[in-house]
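J.: Got a structure here, written out as structure tokens. Questions coming.
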Amino acid sequence: MEIKTEELPKEEISEIEFPRIGNGRYIEGVGRRKRSVARVRIWDQEDGEEFNIFVNNKNYLDYFKNIELQKIVEAPLKKIKAQKAYRVTCQVKSGGIRGQAEAIRLGLSRALVLLNHEWRSILKSAGFLTRDPREVERKKYGKRKARKEEQWQKR
């Protein structure tokens, strides 16, 4: 028995239309992770400009030397395939370098959702919109660290 398959007409794949923000305007999102706080702004990409993310007025490739951290920062834009549509600027302070990268990812994801609500399900399923609540426990008096006690000796 033969199964006949009909070829579906190939539709022209056009560039996806991304929402425009406006000249000189931006969308802002705030991300936090551990002690790091990132203020992320999304701008329209200017003609002829390459894919750019600036962190504290430096290119993210120069700011984050580790390739894994670079991938964390650019992940939301790659997930929705909008690398060339927007320019991103971030102001990050305190915390470690990993916490800063994850704070930028959360802030960028929140800003993208404000721009287009349909992207929420895509970013949510990837885990980019979840605020990681883990923080360092504070040191208590009478102890060496948060929970570590003084060593006890019998004699």
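The values are calculated or read from the model by the stated rules, or taken from the named source; none is laboratory data. Everything quoted here is computed from the prediction, not taken from an experiment. A quick note on method: Cβ atoms are made from the backbone with ideal geometry, for glycine too, and the neighbour counts reach across all protein chains shown.
J.: Based on what the data block shows, is SER94 among the polar types (S, T, N, Q) and buried (at least 19 other Cβ atoms within 10 Å of the Cβ)?
T.: No; evaluated as a whole, the condition is false for this residue.
J.: Additional query: Is at least one residue of region 80-88 surrounded by 12 or more Cβ atoms within 10 Å (Cβ to Cβ), of a type in the set (Ser, Thr, Tyr) and farther than 19 Å from SER36 by Cα?
T.: Within region 80-88, one or more residues are surrounded by 12 or more Cβ atoms within 10 Å (Cβ to Cβ), of a type in the set (Ser, Thr, Tyr) and farther than 19 Å from SER36 by Cα.
J.: Sticking with this one: Which of (1) free of Cβ contacts under 8 Å to residues at least 60 places away in the same chain; (2) over 17 Å from ILE27 (Cα atoms); (3) of a type outside the set (S, T, N, Q) is the odd one out, the single condition GLY96 does not satisfy?
T.: In the conditions (1) free of Cβ contacts under 8 Å to residues at least 60 places away in the same chain; (2) over 17 Å from ILE27 (Cα atoms); (3) of a type outside the set (S, T, N, Q), GLY96 misses (1) alone.
J.: Right, here's the next one. Name the single residue, out of those in region 131-151 being within 17 Å of the chain's Cα centre (by Cα) and in contact (Cβ under 8 Å) with a residue 24 or more places away in the chain, that is nearest to ALA85 (Cα to Cα).
T.: ARG131
J.: Take the conditions over 22 Å from TYR26 (Cβ atoms), at pLDDT below 95, not polar (S, T, N, Q) and not in a strand (DSSP E or B) and apply them to PRO76. Does it pass?
T.: No, not satisfied.
J.: Out of VAL30, VAL37, report the one residue that is buried (at least 17 other Cβ atoms within 10 Å of the Cβ) and either among the β-branched types (Val, Ile, Thr) or touching a Lys or Arg at 6+ places or on another chain (Cβ under 7 Å) (or both).
T.: VAL37
J.: If you don't mind, there's one more thing I want to ask. Condition first: touching a helix residue (DSSP H, G or I) at 6+ places or on another chain (Cβ under 6 Å) and part of a loop (DSSP other than H, G, I, E, B). Now tell me which residues in region 18-40 satisfy that.
T.: PRO19, LYS34
J.: Quick check: anything in region 41-55 out of contact with any helix residue (DSSP H, G or I) (no Cβ under 8 Å at 6 or more places or on another chain), modelled with pLDDT of 90 or more and buried (at least 17 other Cβ atoms within 10 Å of the Cβ)?
T.: Checking region 41-55: not a single residue is out of contact with any helix residue (DSSP H, G or I) (no Cβ under 8 Å at 6 or more places or on another chain), modelled with pLDDT of 90 or more and buried (at least 17 other Cβ atoms within 10 Å of the Cβ).
J.: Is it true that GLY99 is in a helix (DSSP H, G or I), touching a strand residue (DSSP E or B) at 6+ places or on another chain (Cβ under 6 Å) and over 15 Å from LEU123 (Cα atoms)?
T.: It is true that GLY99 is in a helix (DSSP H, G or I), touching a strand residue (DSSP E or B) at 6+ places or on another chain (Cβ under 6 Å) and over 15 Å from LEU123 (Cα atoms).
J.: Looking only at region 110-119, decide whether some residue is under 18 Å from ILE42 (Cβ atoms), among the small types (Gly, Ala, Ser) and in contact with a helix residue (DSSP H, G or I) (Cβ under 6 Å, 6 or more places away or on another chain).
T.: no
J.: If you go through region 100-116 one residue at a time, do you hit one that is over 23 Å from TYR63 (Cβ atoms) and in contact with a Leu (Cβ under 6 Å, 6 or more places away or on another chain)?
T.: No - not one qualifying residue is present in region 100-116.
J.: Go through region 28-52 and report how many residues are under 24 Å from ASN116 (Cα atoms) and either in contact (Cβ under 8 Å) with a residue 40 or more places away in the chain or basic (Lys, Arg) (or both).
T.: Number of matching residues: 16.
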